[in-house]
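S.K.: Have a look at this one.
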Amino acid sequence: MSEEKRTGGAAEELREQVRAGYAAAAVRVGEGSADCCGGAAVEVEPGFGSGLYAAHERESLPGDAVAASLGCGNPLAVAELREGERVLDLGSGGGIDVLLSARRVGARGRAYGLDMTDEMLALARANAAKAGAGNVEFLKGAIESVPLPDASVDVVISNCVINLSVDKPAVFAEMFRVLAPGG
């Protein structure tokens with residue numbers, strides 16, 4: 001029996017708290033309108049969020065993608081993405097890792113972002129349009145139930161959002177399900 005089934009309503013309550021918090025963050029970023037490229041309008045806190053990315057990476061992205069970075073790590077610092085690969089970012093938020101991944105995999109590759117909040121998805125899609133990223137797709141869903149077919153991606157990345165899941169075994173099962181052989 002999964003952890004979520006054992007805890008019942010408490011799990012849904014926690015998921016809703018997480019969703020509401022990230023939705024509010026997306027709205028705050030959108031209201032701040034740091035939508036130009038470059039970090040001048042975006043406050044960068046070292047050791048957290050966008051502060052974990054190199055200045056040249058931040059400066060090449062829409063400001064709202066940088067401002068919406070709320071993670072505790074930089075998965076691209078260790079991911080060895082290659083031209084043509086398909087990448088899935090769990091909990092993609094405003095899209096910083098998806099946009100940077102899309103550059104690495106090139107036009108022959110694909111970068112997917114998965115998020116459960118409509119507000120973050122809207123922000124991420126706007127950031128992708130501003131960045132001119134044609135090889136990205138943002139999907140709505142929970143990381144415990146990825147809306148992609150089996151064996152459909154080569155790499156799965158995440159920026160600490162797995163810590164927020166109440167059913168981590170389901171997250172890992174989904175990661176393995178969507179990974180292509182050798183992924």
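S.K.: Set Lys and Arg Cβ to +1 and Asp and Glu Cβ to -1, take the dipole of the range 87-160 about its Cα centre, and tell me which of Val136, Thr117, Gly93 lies farthest positive.
M.R.: So the residue furthest toward the plus end is Val136.
S.K.: A further question on this structure: With +1 on each Lys and Arg Cβ and -1 on each Asp and Glu Cβ, how big is the dipole of the range 101-183 about its Cα centre, in debye rounded to the nearest 20?
M.R.: That gives the range 101-183 a dipole magnitude of about 440 debye.
S.K.: Would you mind computing, in nm to one decimal, how far apart the modelled labels at Lys168 and Ala77 are, each placed 7 Å from Cα along Cα→Cβ?
M.R.: 2.0
S.K.: OK, next. Using Cα pairs under 8 angstrom and six or more residues apart, how large is the relative contact order of the range 88-183, in percent?
M.R.: Result for the range 88-183 is 30 percent.
S.K.: Would you mind computing the Rg to Rh ratio of the range 86-127 from its alpha-carbon coordinates, Kirkwood style for Rh?
M.R.: We get a ratio of 0.97 for the range 86-127.
S.K.: Further question: Using the Cα atoms of the range 99-183, I'd like the radius of gyration and the largest Cα-Cα distance, Dmax, both in angstrom.
M.R.: When restricted to the Cα atoms of the range 99-183, Rg and Dmax are 13.0, 36 Å.
S.K.: OK, next. For Ala151 and Asp118 in the same chain, what is the full-extension length gain: residue separation times 0.36 nm, less their Cα-Cα distance, in nm?
M.R.: 9.3 nm
The numbers here are math on the coordinates, done by the rules we state, and not lab data. Keep in mind that what you see is a predicted model, and the values were worked out from it rather than measured. Glycine gets a Cβ as well: all are built from the backbone with ideal geometry, and neighbour counts include every protein chain shown.
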